Each structure stands twice: as C-alpha cells, then as structure tokens.
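Inspection log for the structure reproduced underneath, given as structure tokens.
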Amino acid sequence: VLAGDFDGYWETVDYAYWDRSSGRPSRRPLLGMHVKSLIARPSPNGTVAKGTTVEIAGAAWSDGPVTRVEVSTDGGRTWTDAEFTAPQSAWTWRRWRLRWQ
C-alpha cells in the first residue's frame, strides 16, 4: 500500500497524457477508457458489390466487459446490433460481425 500515487514508468510515461485543463501542462496517468471499436472488414479502401451480402467485422474493447456493439451503415440515422464471435472477457478485445446487404 502506498501513501500517494504510484509514479512508475508505465503510469507516468507510456500510459499517461498531458492534461492542459488548468493552463499548466501536467502529466496524468490513464485511469479509464471509454468503449471503443474498430471495423476490420471491409477494408477502408475496399469495394462492395451492389446487391451482395457483406460481412462487416471488427473488435470492441473497454475497461470492462463489452456487452453490445451497434453498427450504423447510414451515417448514424439507424443502428443494428452486431453479433459477437468471441466470448465475453473483461480483459480482451471482443470480436463482432454484422451481415449486411
């Protein structure tokens, strides 16, 4: 148990950011992470043939278990739940997919 914040390498250099909110830059450790995800397929420059079914696939992560992924194919007007292709875990990415036409 420490009386103050731990100032090891990872907490002060690699897993840290510059907080400029007070007007004076201060190095702060990353303490949490909002849910994030990425799309791996189709690729950013890939093409999709009209009228075909395409698998949109990716991964999502958070500082806790990922329980839902929604995908929008119309700029955020509507959202569809993706299905998970990997089991839930609090410590790893969770892969997902959505078959879309």
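Quick note: the coordinates plus some simple rules give every number you see, no bench work behind them. Because the structure is predicted, anything quoted here is derived from the model rather than measured. Glycine gets a Cβ as well: all are built from the backbone with ideal geometry, and neighbour counts include every protein chain shown.
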Sequence-distant or interchain residues sharing an amide H contact under 5 Å with Val54, placed H: which?
-> Trp100, Gln101
Given labels modelled 7 Å from the Cα in the Cβ direction, how far is it in nm from Arg77 to Leu2?
-> 5.1
Between the modelled labels at Gln88 and Asp14 (7 Å from Cα along Cα→Cβ) the distance in nm is 3.0
Is the shape of the range 12-51 best called rounded, prolate or oblate, per the rule: a/c under 1.5 gives rounded, else a/b larger than b/c gives prolate, else oblate, with a ≥ b ≥ c the square roots of the Cα gyration tensor eigenvalues?
-> prolate
